[in-house]
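Comments concern the structure below.
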Number of protein chains: 2
Amino acid sequence: MTDIANPILVEATRGTMVESFHRGRYVVMKADGTVIEQGGDIDALMYPRSAIKPLLAIPMVESGAADAFELEDQHIALACSSHNGEERHAHTVAAWLEKLGLSVDTLECAPHYSLRLASAIEQAVDHVQLTKAHNNCSGKHSGFLTTAVHLGEDPTGYINEAHPVQQRLIRILEEMGDCDLSSAPRGIDGCGIPVIGMRLRDLGLAMARMADTSGLAPARAQAIARIRKGCAADPFMVAGTGRFCTKVMEVCGTDALVKVGAEGVYCAAFPQQGLGVALKIDDGAQRGAEVAMGALLRRHGVIDDARAEILKDSLTPVLTNWAGKYAGDMRPAF
Amino acid sequence: MTDIANPILVEATRGTMVESFHRGRYVVMKADGTVIEQGGDIDALMYPRSAIKPLLAIPMVESGAADAFELEDQHIALACSSHNGEERHAHTVAAWLEKLGLSVDTLECAPHYSLRLASAIEQAVDHVQLTKAHNNCSGKHSGFLTTAVHLGEDPTGYINEAHPVQQRLIRILEEMGDCDLSSAPRGIDGCGIPVIGMRLRDLGLAMARMADTSGLAPARAQAIARIRKGCAADPFMVAGTGRFCTKVMEVCGTDALVKVGAEGVYCAAFPQQGLGVALKIDDGAQRGAEVAMGALLRRHGVIDDARAEILKDSLTPVLTNWAGKYAGDMRPAF
């Protein structure tokens with residue numbers, strides 16, 4: 001790793017001082033590969049983590065699987081989700097798997113409490129029996145299984161790189177990002193599937209093509225339109241109560257497809273502007289990624305003044321102490 | 001804020017790649033002000049947050065209050081603690097306040113679920129009725145109240161800067177850090193008390209004097225020895241189950257006084273070496289602060305090979321996915 005520092009994107013203040021700050025890198029691109037705006041090293045690799053779930057949902061729609069199983073907006077949104085494991089999320093996943101002739105136990109991800117503390121506390125207070133459907137990636141996995149079942153593939157081992165499911169996903173990333181991932185660094189994600197190192201620039205291009213599908217084959221363009229529509233129609237299913245992705249899409253509708261990933265990653269497509277966004281906070285902080293993404297949504301006109309007023313607690317979150325008293329703010333710094 | 005980046009102190013790997021990293025600054029000092037080792041800008045200000053609790057416990061012992069109320073090691077440790085709000089923490093705080101003729105409601109900090117997820121889940125599953133004694137700072141507040149009651153001060157408003165309790169604490173920081181905080185930046189902490197911006201270097205000096213008390217007045221030196229002994233004797237009370245501070249002090253005993261603070265701060269005193277340590281991770285990540293502190297404990301001989309073997313899961317924590325499968329590591333990078 002070189003030590004040319006990426007720029008400071010977000011600051012956390014307390015009282016009269018900046019207490020902490022988040023460096024990172026981001027790119028805003030057009031579908032022809034033009035870089036509209038960038039910060040930091042956009043040619044360095046990063047793991048896209050869950051921020052690419054809308055891309056990973058493409059095969060499910062493009063293959064005809066979604067139509068074959070009569071999936072609704074809520075399922076499309078779940079296929080793109082990192083959800084809170086709230087009851088609507090978990091129940092809908094379980095019912096979806098039944099529709100496929102499978103069960104929750106077919107999922108190869110492990111149960112866990114919600115990654116959102118308030119939701120985890122609710123689960124614990126309510127003594128919710130956690131199943132694999134509560135894993136924050138269960139919707140994505142159900143999407144994978146939908147395609148596999150539709151194509152007559154044995155679902156066993158669908159999380160392994162050698163399985164046709166994963167091979168298809170890698171191909172999608174290569175096609176959409178116009179890159180070769182055959183020798184890219186590998187790791188495993190929280191839910192067990194491979195993560196593959198991509199250049200931030202290539203991820204930005206893939207997202208730009210999610211925003212502006214004019215250069216894509218009709219079947220893919222239609223699949224992407226369906227994915228954007230599904231997320232906009234049911235943004236609760238993409239994340240859940242109190243979550244940045246959900247709140248932004250509730251306000252912006254089809255004007256913004258935004259998706260968080262672990263370790264400070266965020267991706268977005270702005271269809272009105274024909275722009276794709278990829279960003280990664282160096283230190284992996286989600287709070288930094290959210291505030292940086294908010295600033296880009298604002299700057300590129302997706303969030304206008306009226307929307308900014310509704311979303312102000314998400315764009316520049318106030319930090320309070322345990323008694324609820326104002327202590328500081330999170331704010332963009334780029 | 002200037003943009004000369006502080007060095008990378010900690011890396012988080014996933015698979016074959018560094019996924020995220022934490023920059024920060026640290027200083028290792030002797031009690032005469034000699035800098036033994038440093039990284040990054042040690043003259044820039046930072047908020048010490050809860051990492052200075054062992055310093056803030058000095059008045060309680062030095063004033064004779066701790067002896068007057070026959071406080072034990074567990075109370076001294078609690079006065080220095082950011083605890084998990086486990087039942088032993090909360091019960092001991094409540095009993096201590098009774099001893100003072102006060103109640104849990106005298107505390108001016110607000111109840112909250114444990115900051116450690118696993119402990120919060122336990123609280124929720126067990127339907128624990130959260131009180132102010134569960135606030136992670138309740139032990140420190142009880143220490144403040146002990147001194148106030150002993151000196152005949154009205155405890156009301158003891159969290160406000162104008163109260164004699166807070167004035168005494170500021171004086172301690174100025175004396176131990178050899179600095180003037182009268183015009184330093186101010187904010188409020190999670191528990192409501194003022195936080196005051198200090199140079200990292202001054203905090204390092206204060207901690208060096210906690211490690212080597214030879215230049216201090218006898219009453220202060222005795223108070224510090226008592227604080228070090230109390231924390232070493234009951235490290236569970238300083239933090240709790242699974243916590244870095246507790247685990248390090250369980251293994252190192254009186255050889256290390258280590259204390260975490262919010263927003264990526266860590267302080268330590270190494271009495272055998274006569275060294276004080278202060279460190280701040282730029283982005284505020286506790287995982288970064290812990291791994292960096294572990295590296296300094298190792299490097300300066302507090303954690304030898306035998307201790308490192310016992311503490312290896314704390315020094316270089318393994319990152320697993322939800323199924324418990326190895327995904328990567330946290331590791332020092334300086």
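The values are calculated or read from the model by the stated rules, or taken from the named source; none is laboratory data. Please read all numbers here as calculations on a predicted model, not as lab measurements. So basically every Cβ, Gly included, is an ideal-geometry build from the backbone, and we count neighbours across all protein chains shown. Please note that ligands, DNA and RNA were not included when accessible areas were found on the heavy atoms of the full protein model with its side chains. Shrake-Rupley method; radii C 1.70, N 1.55, O 1.52, S 1.80 Å.
Run the numbers on region A:114-152: which residues show a drop of 40 Å² or more in accessible area, chain on its own versus all protein chains together, using a 1.4 Å probe over heavy atoms?
Residues meeting the cut-off: A:LEU117, A:ILE121, A:ALA124, A:VAL125, A:HIS127.
Convert each backbone phi in region B:186-201 into a coupling constant with the Karplus relation 6.51 cos²θ - 1.76 cosθ + 1.60 (shift: θ = phi - 60°), then list the ³J(HN,Hα) values in order as whole Hz, x for Gly and Pro.
10, x, 10, 8, x, 9, x, 7, x, 10, 10, x, 10, 5, 4, 4
Name the residues of region B:183-199, by number, that are at least 40 Å² less accessible with every protein chain in place than in the isolated chain; the surface is that of heavy atoms, probe 1.4 Å, without ligands or nucleic acids.
B:ILE188, B:GLY190
To the nearest hundred square angstrom, how large is the accessible surface buried between B and A, total for both chains, probe 1.4 angstrom? Let's see the in-between values first.
Details: alone 13880 and 13880 Å², together 23300 Å².
When B and A are taken together, about 4500 Å² of accessible area is lost.
When Cβ neighbours within 10 Å are restricted to other protein chains, what is their mean count per residue of peptide A:16-27? Working shown, then result.
Details: counts 5, 11, 3, 15, 12, 5, 4, 7, 1, 0, 0, 0.
What the average comes to for A:16-27 is 5.
Distances from A:ALA221 to the same residue in each other copy, label points 7 Å out along Cα→Cβ, in nm, shortest first?
Values, ascending and in nm: 8.3.
Along the positive direction of the dipole of region B:8-332 (beta-carbon charges: Lys, Arg +1; Asp, Glu -1; about the Cα centre), which of B:MET249, B:MET60, B:GLY101 reaches farthest?
Of the candidates, B:MET249 comes out farthest on the positive side.
May I ask for the net charge around A:CYS179, where only other residues with Cβ less than 13 Å from the Cβ of A:CYS179 are counted and Lys, Arg are +1 while Asp, Glu are -1?
With Lys, Arg at +1 and Asp, Glu at -1, the net is -2.
What list of ³J(HN,Hα) values in whole Hz, one per residue of region B:73-84 in order, does the Karplus curve 6.51 cos²θ - 1.76 cosθ + 1.60 (θ = phi - 60°) give from phi, with Gly and Pro shown as x?
Calculated HN-Hα couplings, in order: 3, 4, 6, 4, 4, 5, 4, 9, 9, 10, 8, 7 Hz.
Identify which of B:GLY324, B:GLY301, B:GLY192 has the largest mean-square fluctuation in a Gaussian network model of chain B, with springs joining Cα atoms closer than 10 Å.
Highest fluctuation among the options: B:GLY324.
Under the definition of Cα pairs under 8 Å and six or more residues apart, what whole-number percent is the relative contact order of chain A?
Numbers: 690 pairs, mean separation 82.5, N = 334.
Relative contact order of chain A: 25 percent.
Could you compute how fast region A:56-135 diffuses translationally, taking Rh as the Kirkwood radius over C-alpha pairs and applying Stokes-Einstein at 10 °C with viscosity 1.306 mPa s? Give it in µm² per second.
Value of D from the Cα-based Kirkwood radius: 119 µm²/s.
So with the 1.4 Å probe, I'd like the accessible area per residue for chain B, rounded to whole Å².
35 Å²
Ignore the peptide's own chain and count Cβ atoms of other chains within 10 Å of each Cβ in B:315-322; give me the average, rounded.
4
Could you compute the FRET efficiency for A:ILE4 and A:ARG299, with r as their C-beta to C-beta distance and R0 at 22 Å, rounded to 0.05?
Efficiency at R0 = 22 Å is approximately 0.35.
Which order do peptides B:305-313, B:140-148, B:14-22 fall in by mean Cβ count within 10 Å, highest first?
Numbers: B:305-313: 12.9, B:140-148: 26.9, B:14-22: 21.0.
Sorting B:305-313, B:140-148, B:14-22 by mean packing, highest first, produces B:140-148, B:14-22, B:305-313.
Given R₀ = 22 Å, what would the calculated FRET efficiency be for A:VAL35 paired with A:ALA221, taking r from the Cβ atoms and rounding to 0.05?
Here the calculated transfer efficiency is 0.45.
Classify region A:189-228 from the C-alpha gyration tensor, please: rounded if a/c falls under 1.5, else prolate or oblate depending on whether a/b exceeds b/c.
Taking the square roots of the gyration eigenvalues as a ≥ b ≥ c, region A:189-228 is oblate.
Return the long-range amide H neighbours of A:GLY240 (sequence gap of 5 or more, or a different chain), with a cut-off of under 5 Å between placed amide H atoms.
A:THR246
Compute a Gaussian network model of chain B, connecting alpha carbons closer than 10 Å, and tell me which residue from B:ILE121, B:ILE52, B:ILE170 fluctuates the most.
Maximum among the listed residues: B:ILE121.
Which residue, chosen from A:ALA323, A:PRO185, A:LEU205, occupies the Cα position most advanced towards the positive end of the dipole of region A:8-332, where the dipole is computed from +1 (Lys, Arg) and -1 (Asp, Glu) charges on Cβ about the Cα centre?
Farthest towards the positive end: A:ALA323.
How large are Rg and Dmax for the protein assembly as shown when calculated on the C-alpha trace, in angstrom?
Over the protein assembly as shown's Cα set, Rg and Dmax evaluate to 26.1, 83 Å.
Along region B:163-175, what does the Karplus equation 6.51 cos²θ - 1.76 cosθ + 1.60 (θ = phi - 60°) give for ³J(HN,Hα), rounded to whole Hz, x for Gly and Pro?
For region B:163-175, the Karplus curve yields 5, x, 4, 6, 4, 5, 5, 5, 4, 4, 5, 5, 5 Hz.
Which of the cysteines in chain A are isolated, no other cysteine C-beta under 4.7 Å?
A:CYS80, A:CYS179, A:CYS231, A:CYS245, A:CYS252, A:CYS267
Cα centroid distance between region B:216-268 and region A:80-103, in Å?
The two parts, judged by their Cα centres, are 47 Å apart.
Taking the Cα centre of the protein assembly as shown as the origin, how large is its charge dipole in debye, to the nearest 20, when only Lys and Arg (+1) and Asp and Glu (-1) carry charge on their Cβ atoms? Kindly include the intermediate steps, with their values, before the conclusion.
Values: 64 positive and 82 negative charges, 96 e Å.
My answer is approximately 460 debye.
Please give the peptides A:110-118, A:59-67 ranked by average Cβ packing (other Cβ atoms within 10 Å per residue), highest first, as a rough proxy for protection.
The peptides rank, most packed first, as A:59-67, A:110-118.
Counting C-alpha atoms alone, how compact is chain B: give Rg to one decimal and Dmax as a whole number, in angstrom.
Both quantities, over Cα of chain B: 19.0, 62 Å.
Using modelled amide H (1.01 Å from N, peptide plane; none on Pro or chain starts), what sits under 5 Å from the amide H of B:ALA262, excluding residues fewer than 5 places away?
It is B:SER50, B:ALA51, by chain and number.
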